[in-house]
Amino acid sequence: MDKKRIVILGGGYAGVHAAKKMHKAFKKMKDRVEIVLIDRHNSHILMTELHEVAGNRVDEDSVKISFDRIFAGKMVTVIRDEIKTIDFKKQLLIGVAGSYSYDQLLIATGAEATDFNIPGVKEHSFYLWSIADALNIKRHLKDIVMKASYEKDEELRKEMLTFVVAGGGFTGVEMVGELMEWLPILCREHGVDYEEVQLINVEALGSILNMLGDKPRNKAIAYMEKHGVRVMTNSLIVNVDANSLTIRDGTVIKTQTLIWTCGIRGTSFAHALELTDGKVQRK
Ligand SMILES: Cc1cc2nc3c(=O)[nH]c(=O)nc-3n(C[C@H](O)[C@H](O)[C@H](O)COP(=O)(O)OP(=O)(O)OC[C@H]3O[C@@H](n4cnc5c(N)ncnc54)[C@H](O)[C@@H]3O)c2cc1C
């Protein structure tokens with residue numbers, strides 16, 4: 001009898017969880033069912049810990065878990081490939097290294113950061129949605145504090161030592177937390193007076209951490225403010241350039257570091273597929 005092939009595209013939290021569940025459900029039917037997981041990486045990435053890489057708390061290797069380890073002894077075959085498109089009629093995934101047929105397909109390709117079409121965000125801010133993004137932020141932070149230590153022009157040094165995280169959700173606040181801890185260390189290492197550093201969390205809504213109840217939210221805000229973080233709410237960013245950002249009320253913040261954690265959407269890959277949109281016009 002031909003085996004039915006279930007393909008899971010994407011080895012993030014959703015794909016790995018699904019593959020483990022399927023292993024459990026079908027392990028007694030190995031002769032009839034085959035489970036294949038395809039991802040462009042050979043490791044599962046702990047996305048929820050990327051801020052720790054960006055903030056130099058942990059090494060990049062500590063947020064990678066190899067698929068071999070995750071699926072050791074399980075009926076899940078992992079293929080490393082980047083899928084470019086899917087031919088739904090032929091039930092075929094077309095990748096860079098090969099093509100893969102399926103009987104059942106689960107698409108779990110995740111999301112990507114979005115700039116909401118705000119001018120300058122894409123060009124001049126740092127996203128935090130991949131290991132490469134996290135390493136980019138880490139490199140930049142080291143670099144800018146080092147440069148500031150040589151800068152004699154007070155205005156320019158102030159701009160270099162102003163760090164803005166846009167977005168007051170978990171990702172943004174976690175990133176602020178990393179900066180609260182790492183920036184004093186970086187400043188000490190480069191002989192920069194930490195008193196000159198400004199750390200700002202900018203949020204478009206009336207409060208940060210809106211998913212929390214009043215008590216934990218207020219506690220978090222009080223903690224951030226006690227440690228010198230300026231929390232700016234009702235502050236929609238409307239424009240960004242290489243050394244400043246502008247808030248809707250006209251306030252301009254001079255900075256060379258804007259970390260953007262304001263929102264995500266389905267991947268461009270999923271968007272390009274011949275699928276109907278979901279509830280909020282997203283795939
Ligand atoms: C710093 C940070 C902190 C966060 N904190 C939290 C938190 O506290 N709580 C929470 O619930 N969420 C948090 N999130 C969000 C959470 O990480 C995501 O919601 C989650 O990763 C989504 O899981 P997923 O499996 O759908 O997608 P992903 O984890 O993005 O996985 C998608 C996978 O698909 C693969 N892939 C995509 N396209 C292709 C292709 N064409 N070919 C081959 N492979 C492909 C990718 O390589 C990836 O492995 C945080 C995110 C960040 C960045």
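Within the set 22, 29, the sole residue that is open to solvent by 20 Å² or more (accessible area, probe 1.4 Å) and within 16 Å of the ligand (Cβ to nearest atom) turns out to be 22.
The residues listed here are 154, 174; of these, the one that is within 30 Å of residue 264 (Cβ to Cβ) and of a type in the set (D, E, K, R) is 174. Of the listed requirements (1) near the ligand (Cβ under 10 Å from one of its atoms); (2) modelled with pLDDT of 95 or more; (3) surrounded by 15 or more Cβ atoms within 10 Å (Cβ to Cβ), residue 96 misses just one: (3).
Can you confirm whether region 20-27 contains a residue that is over 23 Å from the mean Cα position of the chain (by Cα), in contact (Cβ under 8 Å) with a residue 40 or more places away in the chain and within 14 Å of residue 104 (Cβ to Cβ)?
Keep residues of region 20-27 that are over 23 Å from the mean Cα position of the chain (by Cα), which gives 20-27.
In the following step, the residues that additionally are in contact (Cβ under 8 Å) with a residue 40 or more places away in the chain were identified as 20, 22-23, 26-27.
Still in the list and also within 14 Å of residue 104 (Cβ to Cβ): 22, 26.
Taking every residue of region 20-27 in turn, at least one turns out to be over 23 Å from the mean Cα position of the chain (by Cα), in contact (Cβ under 8 Å) with a residue 40 or more places away in the chain and within 14 Å of residue 104 (Cβ to Cβ).
Residues 173, 238, 192, 202: which one is of a type in the set (A, V, I, L, M), over 19 Å from the mean Cα position of the chain (by Cα) and either assigned by TED's automatic domain parsing to the domain that holds residue 88 or under 25 Å from residue 120 (Cβ atoms) (or both)? Write out each step before concluding.
Working: 173 fails: over 19 Å from the mean Cα position of the chain (by Cα); 192 fails: either assigned by TED's automatic domain parsing to the domain that holds residue 88 or under 25 Å from residue 120 (Cβ atoms) (or both); 202 fails: over 19 Å from the mean Cα position of the chain (by Cα).
Exactly one residue qualifies, and that residue is 238.
Restricting to region 32-55, and then to whatever is part of a loop (DSSP other than H, G, I, E, B) and surrounded by fewer than 18 Cβ atoms within 10 Å (Cβ to Cβ), can you tell me which residue is farthest from the ligand (Cβ to nearest atom)? It comes out as 32.
The values are calculated or read from the model by the stated rules, or taken from the named source; none is laboratory data. Everything quoted here is computed from the prediction, not taken from an experiment. Note: ideal-geometry Cβ built from the backbone for every residue, glycine included; neighbour counts use all protein chains shown. To get the accessible areas, we keep the full protein, side chains included, count just its heavy atoms, and leave off ligands, DNA and RNA. Shrake-Rupley method; radii C 1.70, N 1.55, O 1.52, S 1.80 Å.
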